[in-house]
Amino acid sequence: MQELESQLKEPFAPADIEWRIQNSGIANGKHWAMVLAYVTNRAIMDRLDEVFGIEGWSNEYKDAPGGGILCGITAASITKWDGADKTNIEPTKGGLSNSMKRCAVQWGIGRYLYNLEANFVTMTDVKPTNMEGYGIYYDKDSKRRLYWKQPTLPAWATPGTA
């Protein structure tokens, strides 16, 4: 069981990590944002396939109180549940995906990301020539697109260093 736990908790490759803006504002005339890292839903499915085999795990969904969605992941005869609200964009798809990501944390998948220090980025309206490694934020007040460089994960949060 210890080996399964270790495999589930192994950090993900940076390509499997995405960043989203938690808070943003303007200070000294510059746009800033606090960004949070999360693992993609496809990477979670791949991890479950690697650890339990393609037929060794399953998930199911239920309506949650208040209109959210609960996801249960079953593997090794154990089911763990967590849920999320439906999202503003593609509500059902977003709710399903977010509830599965939250449920995966119950299994230890991606839980290490909660130990990252707060990451603050500066945003600019100058579009990078190569968008790889950059995020986009649409500022409703100014009606401008703002660009920000995604943070680099610390060594302890990359594969082979946990």
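The values are calculated or read from the model by the stated rules, or taken from the named source; none is laboratory data. Just so it is clear, the structure is predicted and the values come from calculations on it, not from any experiment. As a convention, Cβ positions derive from the backbone with ideal geometry for all residues, glycine included, and neighbour counts pool all protein chains shown. Heads up: the accessible areas ignore ligands, DNA and RNA and are worked out on the full protein's heavy atoms, side chains in. Shrake-Rupley method; radii C 1.70, N 1.55, O 1.52, S 1.80 Å.
Within the chain, what is the number of lysine pairs with alpha carbons under 26 Å apart, leaving out pairs fewer than eight places apart on the same chain?
Pairs that pass both the separation and distance tests number 24.
Only sites in a loop by DSSP and with at most 11 other Cβ atoms within 10 Å count here; which chymotrypsin sites (Phe, Trp or Tyr not before Pro) in the range 24-123 make the cut? Could you put the intermediate results ahead of the total?
Numbers: sites: Trp32, Tyr38, Phe52, Trp57, Tyr61, Trp81, Trp107, Tyr112, Tyr114, Phe120; in loops: Trp107.
Here no chymotrypsin sites (Phe, Trp or Tyr not before Pro) fit, given the DSSP loop and packing criteria.
Could you tell me which of rounded, prolate or oblate describes the range 1-77, using a ≥ b ≥ c as the square roots of the eigenvalues of the alpha-carbon gyration tensor, with rounded for a/c under 1.5 and, failing that, prolate when a/b is larger than b/c and oblate otherwise? Provide the component values of the computation, followed by the final result.
On the way: a/c = 3.46, a/b = 1.70, b/c = 2.04.
In terms of gyration-tensor shape, oblate.
For the chain, what is the accessible area per residue in Å², given a 1.4 Å probe and the full set of protein chains?
On the way: 10170 Å² over 162 residues.
It amounts to 63 Å² per residue over the chain.
Could you state how much accessible area Glu60 has, in square angstrom rounded to the nearest 10, with a 1.4 Å probe and all protein chains kept in place?
Result for Glu60: roughly 90 Å² accessible.
Please report, in whole Å, how far the alpha carbons of the chain spread along each principal axis, starting with the longest.
For the chain, the Cα extents along the three principal axes come out at 55, 40, 25 Å.
As a test of the formula, what do you get for the chain when each DSSP H run with n ≥ 4 contributes -39,500 (n - 2.57) and the sum is divided by the residue count, at 222 nm and rounded to the nearest 500 deg cm²/dmol? Kindly include the intermediate steps, with their values, before the conclusion.
Details: 3 runs with 36 residues, N = 162.
My calculation for the chain gives -7000 deg cm²/dmol from helical runs alone.
Given the options Asn88, Asn23, Asn119, which has the most mean-square fluctuation in a GNM of the chain, springs set between C-alpha atoms less than 10 angstrom apart?
Greatest mean-square fluctuation among the candidates belongs to Asn88.
Give the longest segment of the chain that steers clear of trypsin sites (Lys or Arg not before Pro) in DSSP loops with at most 15 neighbouring Cβ atoms within 10 Å, not counting the sites themselves. Before the final figure, lay out the partial values.
Values: sites that count: Lys140, Lys143.
With a cap of 15 other Cβ atoms within 10 Å, the longest stretch comes to 1-139.
Relative to the first principal axis of the alpha-carbon coordinates of the chain, what is the inclination of helix 91-106, with its axis defined by its Cα atoms, in degrees from 0 to 90 and to the nearest 10?
Taking the Cα atoms of the chain, the angle to 91-106 is about 60 degrees.
Once the whole set of protein chains is in place, how much accessible area is left on Val51, using a 1.4 Å probe, in Å² to the nearest 10?
That residue has around 20 Å² of solvent-accessible surface.
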